[in-house]
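Engineer: Sharing a structure below in C-alpha coordinates format, with a few things to ask.
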Amino acid sequence: QVQLVESGGGLVHAGGSLRLSCAASGKIFSINIMGWYRQAPGKQRELVATISSGGKRNYADSVKGRFIISRDNAKNTVYLQMNSLKPEDTAVYYCRYSHTTGGYWGQGTQVTVSS
(Lines give C-alpha, C1' and ligand atoms only; values in the text may rest on other atoms or scores of the structure.)
Protein backbone atom coordinates (compact mmCIF):
# COMPACT_ATOMS: atom_id res chain seq x y z
CA GLN A 1 0.00 0.00 0.00
CA VAL A 2 1.07 3.55 -0.75
CA GLN A 3 -0.34 6.66 0.88
CA LEU A 4 -0.20 10.04 -0.83
CA VAL A 5 -0.66 13.33 0.99
CA GLU A 6 -1.10 16.47 -1.10
CA SER A 7 -0.78 20.08 -0.06
CA GLY A 8 -0.50 23.54 -1.57
CA GLY A 9 -3.83 24.14 -3.26
CA GLY A 10 -5.82 27.32 -2.81
CA LEU A 11 -7.29 30.40 -4.42
CA VAL A 12 -5.20 32.62 -6.66
CA HIS A 13 -5.82 35.38 -9.19
CA ALA A 14 -5.19 34.78 -12.87
CA GLY A 15 -1.51 35.19 -13.64
CA GLY A 16 -0.50 34.06 -10.19
CA SER A 17 1.43 31.01 -9.03
CA LEU A 18 0.92 28.05 -6.74
CA ARG A 19 3.10 25.13 -5.75
CA LEU A 20 1.63 21.72 -5.03
CA SER A 21 3.41 19.02 -3.06
CA CYS A 22 2.69 15.32 -2.71
CA ALA A 23 4.48 13.08 -0.25
CA ALA A 24 4.34 9.32 -0.71
CA SER A 25 4.77 6.82 2.08
CA GLY A 26 4.39 3.10 2.54
CA LYS A 27 5.69 0.42 0.19
CA ILE A 28 7.60 2.63 -2.26
CA PHE A 29 9.55 1.07 -5.09
CA SER A 30 12.62 2.95 -6.27
CA ILE A 31 11.50 2.78 -9.90
CA ASN A 32 8.17 4.52 -10.29
CA ILE A 33 6.31 7.34 -11.93
CA MET A 34 4.66 10.12 -9.97
CA GLY A 35 2.46 12.76 -11.40
CA TRP A 36 -0.44 15.15 -11.25
CA TYR A 37 -3.86 14.88 -12.79
CA ARG A 38 -6.80 17.25 -12.52
CA GLN A 39 -10.54 17.13 -12.76
CA ALA A 40 -12.72 20.14 -13.36
CA PRO A 41 -16.47 20.08 -12.61
CA GLY A 42 -18.34 18.13 -15.26
CA LYS A 43 -15.15 16.98 -16.96
CA GLN A 44 -13.06 13.84 -16.98
CA ARG A 45 -9.85 13.56 -15.03
CA GLU A 46 -6.91 14.52 -17.23
CA LEU A 47 -3.16 14.26 -17.08
CA VAL A 48 -1.26 17.40 -16.13
CA ALA A 49 2.31 16.18 -15.79
CA THR A 50 4.31 13.11 -14.82
CA ILE A 51 7.90 12.47 -13.86
CA SER A 52 9.71 9.17 -13.60
CA SER A 53 12.12 8.25 -10.86
CA GLY A 54 14.82 8.75 -13.50
CA GLY A 55 13.68 12.31 -14.15
CA LYS A 56 11.83 11.93 -17.46
CA ARG A 57 9.03 14.49 -17.65
CA ASN A 58 5.80 14.55 -19.58
CA TYR A 59 3.38 17.49 -19.79
CA ALA A 60 -0.06 18.11 -21.14
CA ASP A 61 0.03 20.60 -24.00
CA SER A 62 -2.22 22.96 -22.06
CA VAL A 63 0.38 23.46 -19.31
CA LYS A 64 3.66 23.32 -21.24
CA GLY A 65 5.76 26.38 -20.57
CA ARG A 66 3.73 27.31 -17.46
CA PHE A 67 3.96 24.32 -15.10
CA ILE A 68 7.09 22.56 -13.89
CA ILE A 69 7.08 19.12 -12.30
CA SER A 70 9.96 18.00 -10.10
CA ARG A 71 10.66 15.41 -7.45
CA ASP A 72 12.88 14.62 -4.51
CA ASN A 73 13.48 10.88 -4.54
CA ALA A 74 15.04 10.93 -1.07
CA LYS A 75 11.77 12.35 0.31
CA ASN A 76 9.45 10.43 -2.07
CA THR A 77 7.88 13.77 -2.86
CA VAL A 78 6.70 15.27 -6.13
CA TYR A 79 6.09 18.96 -6.73
CA LEU A 80 4.12 20.94 -9.28
CA GLN A 81 5.08 24.57 -9.72
CA MET A 82 2.21 26.29 -11.48
CA ASN A 83 2.88 29.70 -13.01
CA SER A 84 0.80 32.05 -15.15
CA LEU A 85 -2.34 30.38 -13.89
CA LYS A 86 -5.53 30.76 -15.89
CA PRO A 87 -9.18 30.37 -14.83
CA GLU A 88 -9.33 27.20 -16.94
CA ASP A 89 -6.73 25.65 -14.62
CA THR A 90 -9.38 25.56 -11.89
CA ALA A 91 -9.84 21.95 -10.82
CA VAL A 92 -9.17 19.40 -8.14
CA TYR A 93 -5.59 18.27 -8.57
CA TYR A 94 -4.74 14.67 -7.76
CA CYS A 95 -1.35 13.16 -7.12
CA ARG A 96 -0.65 9.71 -8.51
CA TYR A 97 2.02 7.12 -7.81
CA SER A 98 2.45 4.37 -10.39
CA HIS A 99 4.48 1.20 -10.43
CA THR A 100 4.27 -2.05 -12.34
CA THR A 101 2.38 -3.48 -9.36
CA GLY A 102 -0.33 -0.84 -9.51
CA GLY A 103 -1.22 2.80 -8.95
CA TYR A 104 -2.50 4.97 -6.13
CA TRP A 105 -4.28 8.30 -5.95
CA GLY A 106 -4.12 11.08 -3.42
CA GLN A 107 -7.23 12.65 -1.96
CA GLY A 108 -7.02 15.72 -4.17
CA THR A 109 -6.43 19.40 -3.52
CA GLN A 110 -8.56 22.23 -4.87
CA VAL A 111 -7.00 24.88 -7.07
CA THR A 112 -9.19 27.84 -7.94
CA VAL A 113 -8.04 30.59 -10.29
CA SER A 114 -10.16 33.73 -10.35
CA SER A 115 -10.34 36.01 -13.36
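The values are calculated or read from the model by the stated rules, or taken from the named source; none is laboratory data. Note that the structure is predicted; figures quoted are calculated from it, not measured. Every residue, glycine among them, receives a Cβ derived from its backbone with ideal geometry; neighbour counts consider all protein chains shown. Protein only, heavy atoms only, side chains kept; ligands, DNA and RNA dropped before computing areas. Shrake-Rupley method; radii C 1.70, N 1.55, O 1.52, S 1.80 Å.
Engineer: Got a sec? Which strands (runs of 3 or more DSSP E) wholly within the stretch 1-47 have at least 2 residues that are open to solvent by less than 60 Å² (accessible area, probe 1.4 Å) and small (Gly, Ala, Ser)?
Structural biologist: Values: elements: 2-7, 10-13, 18-26, 33-39.
Filter on the stretch 1-47 gives 18-26.
Engineer: If you scan the stretch 26-41, which residues turn out to be farther than 10 Å from Ile69 by Cα, among the small types (Gly, Ala, Ser) and modelled with pLDDT of 95 or more?
Structural biologist: Of everything in the stretch 26-41, just one residue is farther than 10 Å from Ile69 by Cα, among the small types (Gly, Ala, Ser) and modelled with pLDDT of 95 or more, namely Ala40.
Engineer: Residues that are among the hydrophobic types (A, V, I, L, M, F, W, C), in contact (Cβ under 8 Å) with a residue 12 or more places away in the chain and closer than 14 Å to Gly35 by Cβ: find the strands (runs of 3 or more DSSP E) completely inside the stretch 55-115 holding 1 or more of those. If you could, list the steps in order and put the result at the bottom.
Structural biologist: Working: elements: 57-59, 67-72, 77-82, 91-99, 102-105, 109-114.
Hits in the stretch 55-115: 67-72, 77-82, 91-99, 102-105.
Engineer: Further question: Could you grab the pairs with beta carbons closer than 6 Å, sequence gap of 6+ or different chains, first residue in the stretch 21-33 and closer than 13 Å to Lys75 by Cβ, second one surrounded by 11 or more Cβ atoms within 10 Å (Cβ to Cβ) and of a type in the set (Phe, Trp, Tyr)?
Structural biologist: Correct list of pairs: Ser21/Tyr79; Ala24/Tyr97.
Engineer: Next question, about the same structure. Restricted to the stretch 48-66, and to residues that are out of contact with any Ser or Thr (no Cβ under 9 Å at 6 or more places or on another chain) and surrounded by 11 or more Cβ atoms within 10 Å (Cβ to Cβ), which residue is farthest from Gly9 (Cα to Cα)?
Structural biologist: For the stretch 48-66, the residue satisfying everything is Ser52.
Engineer: How many of the residues in the stretch 67-115 are among the acidic types (Asp, Glu) and exposed (fewer than 14 other Cβ atoms within 10 Å of the Cβ)? Break it down into steps so the answer makes sense when it comes.
Structural biologist: Filtering the stretch 67-115 for residues among the acidic types (Asp, Glu) gives 72, 88-89.
Then drop every residue that is not exposed (fewer than 14 other Cβ atoms within 10 Å of the Cβ), which leaves 72, 88.
Counting residues in the stretch 67-115 that are among the acidic types (Asp, Glu) and exposed (fewer than 14 other Cβ atoms within 10 Å of the Cβ) gives 2.
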